[in-house]
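Just below is one structure, and these are the notes that go with it.
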Amino acid sequence: IKFDKIITSKGLEGKNMEWITKNIKDIVTEISEGNYVLPVIQRDFVWPEEKIELLFDSVLKEHCFGSIIAIEEPEGNSPLFAFRKFVQDGQDQSKSNPTSLTTSLEKRQFFVIDGQQRLQAFYIGLKGSIGERTLFFDLFSDSQDEYEFDFAEDKALLPAKTDDDRPIKECLWYKVFDLYKELL
């Protein structure tokens with residue numbers, strides 16, 4: 001599976017905005033490590049499952065899905081905003097209980113200003129779930145219509161059936177999380 005690139009901004013001194021190209025695998029790893037966080041000014045995660053599935057379809061079709069804008073906060077600085085971490089289960093943390101650092105940051109972090117919904121969707125799709133449902137991909141699907149992604153419980157998905165119980169098409173559903181692990 002080929003993943004597109006994510007571009008983040010580095011530096012916000014008003015003079016030099018540096019654009020960095022990162023692949024999705026690397027940025028999801030950095031989210032896991034807490035290097036990318038969500039400032040309290042960001043709304044909660046609101047995308048439905050269908051929108052996450054369409055985002056993964058867009059990536060496989062090599063469509064542009066926009067850039068990500070993040071403010072770099074160096075280690076030792078007082079953070080510009082209180083923040084919360086990305087979630088793996090689709091249940092956003094309450095803004096009323098963010099992680100707040102009052103003295104200085106223990107490590108360099110990127111505060112996501114634009115692109116939170118897309119990054120959160122990648123993080124959930126590649127490393128998490130929504131409730132008990134994880135993201136599956138039909139390995140037999142193709143780009144002629146849509147790549148088939150579907151959130152389902154931890155079990156094999158069955159192909160759709162006609163009224164006389166015949167399969168409409170052959171499917172081979174595979175967990176996106178397992179595909180992602182193969183890329184690591």
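Ranking of Arg118, Arg133 by solvent-accessible surface, largest first: Arg133, Arg118 (1.4 Å probe, protein heavy atoms only, all chains present).
Stretching Glu33 away from Glu170 to a fully extended chain increases their span by 45.5 nm, per 0.36 nm per residue minus the current alpha-carbon distance.
For the pair Asp142 and Val87 in one chain, pulling the backbone fully straight at 0.36 nm per residue adds 16.8 nm over the alpha carbon distance.
Put simply, the amide H of Ile113, placed in the peptide plane, has neighbours under 5 Å in Ile69, Ala70, Ile71, leaving out anything fewer than 5 places away on its chain.
The values are calculated or read from the model by the stated rules, or taken from the named source; none is laboratory data. Quick caveat: nothing in here was measured; it's all calculated off a predicted structure. In case anyone asks, the SASA skips ligands and DNA or RNA and just uses the protein heavy atoms, side chains included. Shrake-Rupley method; radii C 1.70, N 1.55, O 1.52, S 1.80 Å.
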